[in-house]
1. Within the range A:130-138, is even one residue away from ligand 2 (no atom under 16 Å from the Cβ), surrounded by fewer than 24 Cβ atoms within 10 Å (Cβ to Cβ) and part of a loop (DSSP other than H, G, I, E, B)?
2. Within the range A:43-56, is there a residue that is closer than 27 Å to B:Arg293 by Cα, touching a Leu at 6+ places or on another chain (Cβ under 9 Å) and among the small types (Gly, Ala, Ser)?
3. Name every residue in the range A:109-129 that is away from ligand 2 (no atom under 16 Å from the Cβ) and either in contact (Cβ under 8 Å) with a residue 40 or more places away in the chain or within 14 Å of the chain's Cα centre (by Cα) (or both), in order of residue number.
4. For the structure I just gave you, tell me whether A:Gly141 is within 15 Å of B:Lys18 (Cα to Cα), within 16 Å of ligand 2 (Cβ to nearest atom), more than 7 Å from chain B (Cβ to nearest Cβ) and at pLDDT 95 or above.
5. From B:Ala187, B:Ala202, B:Ala216, which residue is buried (at least 18 other Cβ atoms within 10 Å of the Cβ), away from every other protein chain (no Cβ under 12 Å) and under 30 Å from B:Ala256 (Cβ atoms)?
6. Restricting to the range B:637-689, name every residue that is assigned to a helix (DSSP H, G or I) and within 21 Å of B:Pro428 (Cβ to Cβ).
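The values are calculated or read from the model by the stated rules, or taken from the named source; none is laboratory data. This structure is a prediction, so every number in the text was calculated from the model and none was measured. Note: ideal-geometry Cβ built from the backbone for every residue, glycine included; neighbour counts use all protein chains shown.
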Amino acid sequence: MNQKLTRRRFIKGVIASGAAATSTAAWYSATGQERPSGFVERLVRINVNGQVRSVDVEPQETLASTLRYKLGLTGTKLGCNRGECGACTVLVDDVTTYACSVLTHSMKNGRIETVEGLESANGDLHPVQQAFVEELSPQCGYCTPGQVMSAVGLLRANPNPSREEARHAMSGNICRCGSYDSYLDGVMRATELIG
Amino acid sequence: MAYMHIGKDFTPPDVPGKVTGRIKYAEDYTREGMVYARLLTSPIPHARVLDIDASAALAMDGVIGILTADDVYPDGEPQSTGLKILTNEPTLVGEPILALAAVDEKTAESAIAQISVTFERLPFVLDPLDSLQPGGADAYNGGNTFVFRQGFAEEKWTADQVASFRAGNEPTAEPQQTVEYGDLDAAFGESSYVYEGTFTNAGYPHHSMEPRSALAYWEDGKLYLHGGSQSLTAFADGIAGIIGVPKEDLVFVNAATGGGFGQRARAGSVPVYAVPAKLSQKINRPVMMRATREEEFTLGGARQGLTGWIKVGFKPDGVMAACDLWIVSDNGGKGGGADAYSAADCISVLYQADAVRFRGTAIGTNTAHRGAQRGPGQNQIAPIISPILDVAADELGVSRLDIRKINAAMTGDVGGPQRTPFTSAYMPEALEQAATEFDWEGRQSRRRQTNGSKVIGLGIGQGYHNAGRSGMDGIVMMGADGRLKIHNGVGNLGTYSYASTSRAAAEVLQMPWESCDIITGRTDLHLPITSPQDGSNSIFTNTRTCYGAAQDMLTKMKEIAATDLGGDPADYDISNERVHQIADESVGYSYAQVAQRAIELGGKYTGSAELPEELAEWTQIAVSRLEGTGFMGIFHDPRHEGNPPGFTVTACEIELDKETGKIDILEMISIGEAGTIMHPKGMDNQLVGGAVWGIGLSVYERHLYDPQNGLPASTGYWQSKVPTYLDTPLKIETGWVDLPDPENPVGARGIGEPSMGSVSAALTAAITDALDGHIFGASPITADMIINHVAGTSEEAVPLAQNNFRG
Ligand code: FES
Ligand code: FES
């Protein structure tokens, strides 16, 4: 066996055999930091938290990248950038959506809400946020914005969910700290606050 | 005792920032002129880099520079594998070879694709027992094991020895480590039930939600490093050494950390933060290094896989007479931990066996970096030992609750091979509370009831971790505004112990919480050294330091008042933010006034004189910068005596489907025994969070490697399945014993790790119960293993395999 091989030769071999498919390429194409030649750059108008924002968006750019790196809305977190965890959950027309897994270009007609858009004009927390504070729902907090958005989406669709319904609605959001019980306590408390 | 703050709920100051998304994690920061680093990592599990040709990459537009192992280690790479930040001798897939900085990540990644690295491919190994075989591959260059202070060595068993162990027998090879107490032979001689068998615990990643991204830049000779860690000052202290920057020149910024679970407690487990720091130094630009989920797996760590043999003897009354434990630990590609020893220690503590022997050998594999993961060792042995206890109880005609009560640790007992006395221990109370609140006795009639293919199982289990250290420092400050500033270096990974330990200082000074500020989040706010936030120690360790610093301030307050206003310090007391004479409360100073006087007086009152002699270097730097700026209370904590234990008890009822192997946890309760409870909601979070981890350990989590190429096959959440909302009970009930520990000024001990162990112990006991006493001797017990057992087939391709399927 040839003990010497270059990294590129090895990678080619692995990819040809289908043994390894990394997400790295997806990450970099998704961040949209560079303008690939041949593409026409486009200014896209998207409605974020009630404001229409014009953003220079690459064709392959995900909503999460636009929010975080173009609009500075870093409340939306990236836990996996590949649709596994829910940390990036936002609402699009009231529907919970993984911002890492949709392209910003497809959002032109959508009403996007992120965690930054929930507080009232006078700074009051949204009832879900208030309930999560009261119940000490977050632990490390990294999944929290996604949990908040899933709970807001749930309560808009169903203001009076049972705990069982709530856990199904929230089940697209992983919490590695295991704070599920505390988040569900928070959702149930939020139903009371909303009245 | 009636406390003002201890045992009361409060909102830690970072919680609003978490629900609004305003709190910043490392990757949320930017810096003007920031460039982006990408890593070129090893695509093969064991290799030697023969040549790197980066000329094409460096010629690309937008590429700023690279950093290689030769830059970092001009005199050669360090001997041990663990702390290397870049290497020419990779020992696992994904180990960083070099880093490249460019104006954006895509350019960086494109440039990395242009770098040609020539590797010499070396034999690799994924299973410690394969490495122990004659002729088996060695994971490291120079051997398959690392001997402390001696370096790499090679260890081999005979083929018969390996085969015999795989066949289920006691290993006959010489162990690297032997620890024992008591007369093992005599204790087994007294036993009327003896269990003997092999077991495996799979390794699996921490998979913290926040990938280990970091930002570094240098300004005015100082390094600013943004990263996520469990510990603030202890981590900064360690990473300064890895980077090679003087402690006083490092500013570590870390307001929030997206999970740690042991992997970010110490700098040694996140050495990769040194990469942007070194790269930034070389190219003189701020460097952001974002990590992907996949990199979080390969740069991160994993629980040590344990391959073991256990023999346990019980006397006729159910007393555990003896435990003999032989464990081969998987040390992975970059070194490991001491999980195996801790497993033996845990059995000794929890079950108070008359005689215990531990024999262990640690062997490397070309798999993930192994390091501490929530209850390292204690929590692997929990799902192994608990079903054994139950089978013994059934054999001896003792109830499954009673066998735990008979063997329970209590105040006055000792535990572990060192026979260390407990500072206090209330395990009988915890067992009783769990049994009562769960109606354990009443539920026994449901045991093994069937409904079609489904069967009910009941389980009760215990968890333990040593939960407290000492010897750290505390600082509190007060300005002329009379507010109390508690300088806390604990770190913020979601336990809120940075806040709850601070409340010990507020308690001493009877300070309303609204008048307190916790100073934390970045080291240039001048924080004292703390112990790393691991080993469930923070509550015990840092209530001692916060309490001590506040006591020092209280003493000084009384001194100042007595000097100025007459009388003796003993004539003074405090209330309502005033220090005043006991006899005449009108004679005194408000806190604002006494702080003002302290500032005027200077000297020991402002940190300029009479400092405790033993302050750590890190604390000394903080004090030197705070000196003269306010009224200072300072404390160096002396060492305590004994082992402060953290205990938990969990009871659960499950429904196991014999057709699908699926387990539904119908009900679960976890009771904590952690001394005085500081923060009930925080305690609750640790109990439910630990429960989720215990469920993952017992039935879901394991990482796998492709045996042909050594590629990790479980770099995501779905491949090494993390429990979700739907895998955990709808409601996990919690409670606590709440009896004080005498070695802590407020009576508190920690809990974060045992909360996982007791759940795993209870859940595997319930599975054994549902399957009529079958012991799998494994974690996780996956659905396929259950189906195979029910079908009477054994699907173990390679018995006792690590990093591969078991059943
Ligand atoms: S970051 Fe979008 S699902 Fe994980
Ligand atoms: S709170 Fe840490 S991941 Fe959910």
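1. The answer is no; no qualifying residue exists.
2. No - not one qualifying residue is present in the range A:43-56.
3. Of all residues in the range A:109-129, those away from ligand 2 (no atom under 16 Å from the Cβ) come to A:109-114, A:116-127.
Of everything in the range A:109-129, those that are away from ligand 2 (no atom under 16 Å from the Cβ) and either in contact (Cβ under 8 Å) with a residue 40 or more places away in the chain or within 14 Å of the chain's Cα centre (by Cα) (or both) turn out to be A:Gly110, A:Arg111, A:Ile112, A:Glu113, A:Thr114, A:Glu116, A:Gly117, A:Pro127.
4. On the way: within 15 Å of B:Lys18 (Cα to Cα): yes; within 16 Å of ligand 2 (Cβ to nearest atom): yes; more than 7 Å from chain B (Cβ to nearest Cβ): no; at pLDDT 95 or above: yes.
No: the conditions fail for A:Gly141.
5. Working: B:Ala187 fails: under 30 Å from B:Ala256 (Cβ atoms); B:Ala202 fails: under 30 Å from B:Ala256 (Cβ atoms).
Sole residue among the options that is buried (at least 18 other Cβ atoms within 10 Å of the Cβ), away from every other protein chain (no Cβ under 12 Å) and under 30 Å from B:Ala256 (Cβ atoms): B:Ala216.
6. We begin by selecting, within the range B:637-689, every residue assigned to a helix (DSSP H, G or I); these are B:680-689.
B:Met683, B:Leu687 - these are the residues of the range B:637-689 that are assigned to a helix (DSSP H, G or I) and within 21 Å of B:Pro428 (Cβ to Cβ).
For every residue, the table says whether it meets (1) in a helix (DSSP H, G or I); (2) touching a residue at least 60 places away in the same chain (Cβ under 8 Å); (3) more than 16 Å from ligand 1 (Cβ to nearest atom); (4) within 21 Å of the chain's Cα centre (by Cα).
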position	(1), (2), (3), (4)
B:His207	no, yes, no, yes
B:Ala216	no, yes, yes, no
B:Leu225	no, no, yes, no
B:Gly241	yes, no, yes, no
B:Thr257	no, yes, yes, yes
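Each row is one residue, and each column tells you yes or no for (1) surrounded by 17 or more Cβ atoms within 10 Å (Cβ to Cβ); (2) of a type outside the set (Phe, Trp, Tyr).
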residue	(1), (2)
B:Tyr572	yes, no
B:Asn576	no, yes
B:Ile582	no, yes
B:Ser590	no, yes
B:Val594	yes, yes
B:Tyr605	yes, no
B:Leu611	yes, yes
B:Ala616	yes, yes
B:Ile621	yes, yes
